[in-house]
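Student: Have a look at this one before I ask anything.
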Amino acid sequence: MKVLLDTHVLVWWMEDATRLSKQAAKIIADSCNQVLISAAVGWELAIKVGTGKMKPRSILQDLDRVLERESFSEVPIMLGTAVRAGLLPLHHRDPFDRLLVAQAQSLSVPILSADAVLDLYEVKRLW
């Protein structure tokens, strides 16, 4: 199975996996699954670190190593997906979450997220 991780899920996996649901931890840990990480996740983390909403800065420095170590795959932000995200209803005010929804829709994959607001979109959410 392919699955796209929400930003908080990646952070919890890196820093405190006990915050993940049992299903989420199992999905990420299963090497048969392909875990996808959007470029939007790096962008969102950089903004949060830069504004002081998130510490430590090492999370950004470790990101590439974590993706490589865990065999996670990067997903670029394509123009069509960005347009799709911009046209989504504003059920969720966070533009990063709307972009992740648009990517999950474009790739026809579920999104792994604790954020139940994503259920308002036409996307399968796992948790």
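Student: Evaluate the following for Val66: is it of a type in the set (Val, Ile, Thr) and under 27 Å from Leu120 (Cα atoms)?
Tutor: Criteria not met by Val66.
Student: Residues of segment 50-65 being under 15 Å from the mean Cα position of the chain (by Cα) and surrounded by 15 or more Cβ atoms within 10 Å (Cβ to Cβ), which ones?
Tutor: Within segment 50-65, Ile59, Leu60, Leu63 qualify.
Student: Being among the β-branched types (Val, Ile, Thr), closer than 20 Å to Ser106 by Cβ, without any contact (Cβ under 8 Å) to a residue 60 or more places away in the chain and surrounded by fewer than 18 Cβ atoms within 10 Å (Cβ to Cβ) is the requirement here; does Ile47 meet it?
Tutor: Criteria not met by Ile47.
Student: Here is a further query. Among the listed residues Leu79, Leu5, identify the single one that is at pLDDT 95 or above and either touching an Asp or Glu at 6+ places or on another chain (Cβ under 8 Å) or loosely packed, with under 14 Cβ neighbours inside 10 Å (or both).
Tutor: Leu79
Student: Among the residues of segment 13-44 satisfying the criterion of being under 19 Å from Arg69 (Cα atoms) and touching a Ser or Thr at 6+ places or on another chain (Cβ under 8 Å), which is surrounded by the most Cβ atoms within 10 Å (Cβ to Cβ)?
Tutor: Val41
Student: For segment 4-35, which residues satisfy the criterion of being among the charged types (D, E, K, R) and either in contact (Cβ under 8 Å) with a residue 60 or more places away in the chain or in contact with a helix residue (DSSP H, G or I) (Cβ under 7 Å, 6 or more places away or on another chain) (or both)?
Tutor: The answer is Asp6, Arg19.
Student: Right, something else. Pairs please, first residue from segment 86-101 and part of a loop (DSSP other than H, G, I, E, B), second anywhere and surrounded by 15 or more Cβ atoms within 10 Å (Cβ to Cβ), Cβ atoms under 6 Å, 6+ apart in sequence or on different chains.
Tutor: Close Cβ pairs (under 6 Å, with a partner that is surrounded by 15 or more Cβ atoms within 10 Å (Cβ to Cβ)) amount to Leu88/Arg98; His92/Arg98.
Student: For segment 83-115: of the residues being of a type in the set (A, V, I, L, M, F, W, C) and loosely packed, with under 14 Cβ neighbours inside 10 Å, which is nearest to Ala40 (Cα to Cα)?
Tutor: This residue is Val83.
The values are calculated or read from the model by the stated rules, or taken from the named source; none is laboratory data. None of the values given here were measured: they were computed from a predicted structure. When we count neighbours, we look across all protein chains shown, and the Cβ atoms used for this are built from the backbone with ideal geometry, even at glycine.
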